[in-house]
Amino acid sequence: MKKGLSPVTLHYTLITGGFWMAFCVVTAYAAVYLQGIGCSNAELGLILALGNVGGALLSPVLGARIDRNRNLRHASVVNVLLAIQVALLIVLRVHPRRDFFNAACYVLYITAMMPVNAMNLDLCVRLERAKAPLNFGFARSMGSFSFVILSTLLGIITARWGHLSLPFAGLAVVLLQFAGNRLIDRDLREAEAAMPPAETEIREQSSSLPVFIRENRMFCLMLFGTIIIFIAHNMDGNFLINEIRALGGDTAIMGYVAAFTAITEVPIMMFSSKLPKKWDTVHYIRLSFVFFVLKILAYALAPTIPLFFAARVLQAPSYALYTVLIVSYADRQVARKDSAKAQSLAFSMTTIGSVLASLIGGQMFDTAGVKPTMLTAVAICAVGTVIALFGTRQVKGRANSTL
């Protein structure tokens, strides 16, 4: 059912690729734009933190609304978020100044962009439950490949034309998402219309957040561990330009590094369904947690640009493996009535990690320097990994999911 490139998979690839290209603009190149208008690392960190807080708070709220209101379409929610992004990108281009207004617009831009991924992940679950021929692994791998292409282009573009070219890239990506969103919503309507009546009945009332936490204690403990892991992960991602400059590189090199990092994700995401069945989803997610620690350690110790490039291959068994399996893991751990909430929370925890990384990293990069900051990230990641490993558990009778 999930083999091959069906129209559903291609349409889902559009929205996934669109989101990760937007992520490239708003996060991977945040330092280029914000430092370009005169912001310090600490100011950059604060802006990223506030934007990610907004996104982390908004994602579960929107997820809960969709869980509770059967008539509220994912497409409607996403279109509103995209329209907000268009308005803010225009402002960021016409008002590129280091002031409160520009900072507030960038914060709101991040806030409006982040929940789109949570909506897309829950949409994936709905499509699979409706028996739509979706190959999530392929679509998500193309999201990383899209990041690769845009990151490489933006590295060259910003090196030549500067940071004010970034809002134009953001607008182009938003238009792509509008188109994909319309197509995938049509696919979901058709798939749901073809379902037997018994499977399309009104869903059970979604749980409140306190009830959800009480009913899913171990799942939430795992999510808490991922917050800490993603602090370390994003101390690299949010401040990559600092690491590159410390090794003698520039924004063009940063673009190549970000592109290479993303392309290492593609094989695991594309062929996730081919993972050996000797282990199930839980074991692979646990393995990814361990590789997060090894990855950050390799980044911290890399003494040259070539070795820094070599260390980026560890993105595949860490971030890529976790990302492609967490959707099915959350779906199997949590009751169907709380599906959107589970997906939103899983993404929000990584976002909160980014928030804390921005606050901690911004200050540390300014005061302690690159090497001490990244070694601190290794220790932080190790703590998160221990917690996340404790929070994951085998669900009897569950086989490794085919994504």
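The values are calculated or read from the model by the stated rules, or taken from the named source; none is laboratory data. Since we're looking at a predicted model, the values are computed, not measured. All Cβ positions, glycine included, derive from the backbone under ideal geometry; neighbour counts span all protein chains shown.
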Single residue of segment 266-291 satisfying the filter (surrounded by fewer than 19 Cβ atoms within 10 Å (Cβ to Cβ) and among the aromatic types (Phe, Trp, Tyr)) that is nearest to the chain's Cα centre (by Cα): 271
Test: residue in segment 115-127 that is under 20 Å from the mean Cα position of the chain (by Cα) and among the acidic types (Asp, Glu): yes
Some residue of segment 97-108 being in contact (Cβ under 8 Å) with a residue 24 or more places away in the chain and touching a Ser or Thr at 6+ places or on another chain (Cβ under 6 Å): no
Among (1) over 30 Å from residue 11 (Cβ atoms); (2) surrounded by 15 or more Cβ atoms within 10 Å (Cβ to Cβ) - the single one residue 250 does not satisfy: (2)
Boolean, residue 125 is surrounded by fewer than 24 Cβ atoms within 10 Å (Cβ to Cβ) and assigned to a helix (DSSP H, G or I): yes
Matching entry among 346, 357, 330 (being assigned to a helix (DSSP H, G or I), in contact with an Asp or Glu (Cβ under 9 Å, 6 or more places away or on another chain) and in contact (Cβ under 8 Å) with a residue 12 or more places away in the chain): 357
Residue check, residue 365 modelled with pLDDT of 95 or more, assigned to a helix (DSSP H, G or I) and closer than 29 Å to residue 249 by Cα: no
Among (1) modelled with pLDDT of 90 or more; (2) of a type in the set (A, V, I, L, M, F, W, C); (3) in contact with a Leu (Cβ under 7 Å, 6 or more places away or on another chain), the one test that residue 347 misses: (1)
Residue 353 being at positive phi and out of contact with any Cys (no Cβ under 8 Å at 6 or more places or on another chain): no
Selection from segment 242-301 of residues that are assigned to a helix (DSSP H, G or I), more than 30 Å from residue 39 (Cβ to Cβ) and out of contact with any helix residue (DSSP H, G or I) (no Cβ under 8 Å at 6 or more places or on another chain): 274, 283
Qualifying residue in segment 299-312 (condition: without any contact (Cβ under 8 Å) to a residue 40 or more places away in the chain and buried (at least 18 other Cβ atoms within 10 Å of the Cβ)): yes
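Conditions tested, residue by residue: (1) crowded, with 23+ Cβ neighbours inside 10 Å; (2) modelled with pLDDT of 90 or more; (3) in a helix (DSSP H, G or I).
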site: 15; (1), (2), (3): yes, yes, yes
site: 44; (1), (2), (3): yes, no, yes
site: 57; (1), (2), (3): no, no, yes
site: 61; (1), (2), (3): no, no, yes
site: 80; (1), (2), (3): no, yes, yes
site: 87; (1), (2), (3): no, yes, yes
site: 101; (1), (2), (3): no, yes, yes
Test for residue 376: is it assigned to a helix (DSSP H, G or I), buried (at least 20 other Cβ atoms within 10 Å of the Cβ) and not acidic (Asp, Glu): no
Residue that is under 21 Å from residue 145 (Cβ atoms), modelled with pLDDT under 95 and assigned to a helix (DSSP H, G or I), where the choices are 314, 325: 325
Search result, residues across segment 134-188 that are in contact with a Cys (Cβ under 6 Å, 6 or more places away or on another chain) and within 15 Å of residue 25 (Cβ to Cβ): 147, 150, 151
Criterion: of a type in the set (D, E, K, R) and either modelled with pLDDT of 90 or more or in a helix (DSSP H, G or I) (or both) - qualifying residue of 214, 203: 214
